[in-house]
Amino acid sequence: MSEQSVRYELDHGVATLRLNRPDRLNAVTFEMLDLIRASLLRAVRDGARAVLLTGEGRAFCSGADLAGRSDGPETDPADSLEYHYNPLAETLSKLPIPIVTAINGPAAGAGVGIALGGDIIVMAKSAYLLLAFSNIGLVPDCGATWLVAKSAGRAKALEMALLGDKMSADDALNAGLVARVVEDDALLPTAQALAQRLAAKPTIALGLIRAQIKGALNNTLSETLSVEASHQRIAGRTADFREGVAAFLQKRAPEFKGR
C-alpha cells in the first residue's frame, strides 16, 4: 500500500493526519493501521504540539477493509487485534500531545474507536457513528467498547453494539461521545482552530492532563489525588510553568514553548 494511504503534514506545531483511501471510504487494512500509528509517533518526534486527525473524502473511516483482507477465514481475528488494532488504540491513548478528531463523515467499526480516541472530537452534522460488528458476527474492537461505555454509559454502549444502528451526530453529542457538532463546511476550520489553540498551550501539562483524565475514569479519589500531586510536581518544573506565572504577573499573554 502506498504511504499516501495516510497523508501527513506538519504546520505551525499541528500535525494533520488524513486517512486517505476515499475510494474505499477510508477502510483500514493492517498496513494502514500500522501507518496511522507510525504517523502519530512521527508527529511527536517532529516536535508537533497537537494532532488533527480526519478523513479524506466523504467518510472518516468505514472500519476494516473486509474486501481487501489478505488473511483467510481460518485466521484467528484476535491476532489482528493484538498486532495491529490494539497497538494503534494504545498509541492514541498514550500520546503525549493532544488529539483533535474531525469526523467528516461516517465512522463505522474500528473507525469509531479511532475517531473517539481523540481528546476533543468535532463531528460534522451529516456524519454518523456505527458499531456494526454484531451484523457480521463479531464484537467491537480498537477500544470502542471502553471509549463508548466510559463516555456514554452502559445502556447506550449496549444499544449501539447489540443493535448495530447508526447514531447521528446530534445523538452522539447528547450521549457525550463528541464535544461539538458543526455544519459540514465548518468542520475543518473549527477543528483546525482548536488544534492551533492546543499547539500554543503548555505541551507537557497537556500530556499530563491526558493521562490524568484517563486514569480518573478508573481510579479512586485517593489514587487520583496521588496522580495529581505527581503530575503537578512534573508540571511545576517546566519552563512553560515559569512563563505562565511570569506572564500572569506581568499582565501579558504567555508564550509557551512546549518545554
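The values are calculated or read from the model by the stated rules, or taken from the named source; none is laboratory data. The model shown is predicted, which means the values in this text are computed figures rather than measured ones. Backbone-built Cβ (ideal geometry, glycine too); neighbour counts: all protein chains shown. Heavy atoms of the whole protein, side chains included, go into the accessibility calculation; ligands, DNA and RNA do not. Shrake-Rupley method; radii C 1.70, N 1.55, O 1.52, S 1.80 Å.
Here are the numbers for this structure:
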| item | result |
| --- | --- |
| Rounded to 5, percent antiparallel among DSSP beta bridges of the range 1-145 | 25 percent |
| Added length on full extension, which subtracts the Cα-Cα distance from 0.36 nm per residue, residue 165 to residue 250 | 25.2 nm |
| Two-site FRET efficiency, residue 4 against residue 46, from Cβ-Cβ distance with R₀ of 25 Å, rounded to 0.05 | 0.85 |
| Gyration tensor (alpha-carbon) shape descriptor, the chain, a/c threshold 1.5 | prolate |
| Hits among lysines - C-alpha to C-alpha of residue 156 under 24 Å, sequence gap 8 or more where chains match | 125, 166, 214 |
| Among 130, 115, 33 the positive-end extreme of the charge dipole of the chain (Cβ point charges) | 115 |
| Radius 15 Å from Cβ of residue 100, net charge of other residues (Lys, Arg +1; Asp, Glu -1) | +3 |
| Surface share of carbon and sulfur [accessible, 1.4 angstrom probe, percent] for the range 145-216 | 57 percent |
| Share antiparallel - DSSP beta bridges, the chain, percent rounded to 5 | 30 percent |
| Neighbour net charge for residue 149 - beta-carbon separation under 12 angstrom, K R +1, D E -1 | +2 |
| Nearest-10 value in Å² for the accessible area of residue 31, using the 1.4 Å probe | 100 Å² |
| Within-12-Å neighbourhood charge of residue 162 [Cβ basis; K, R +1; D, E -1] | 0 |
| Mean accessible surface per residue for the range 132-251, computed with a 1.4 Å probe while every protein chain stays in place, in Å² | 60 Å² |
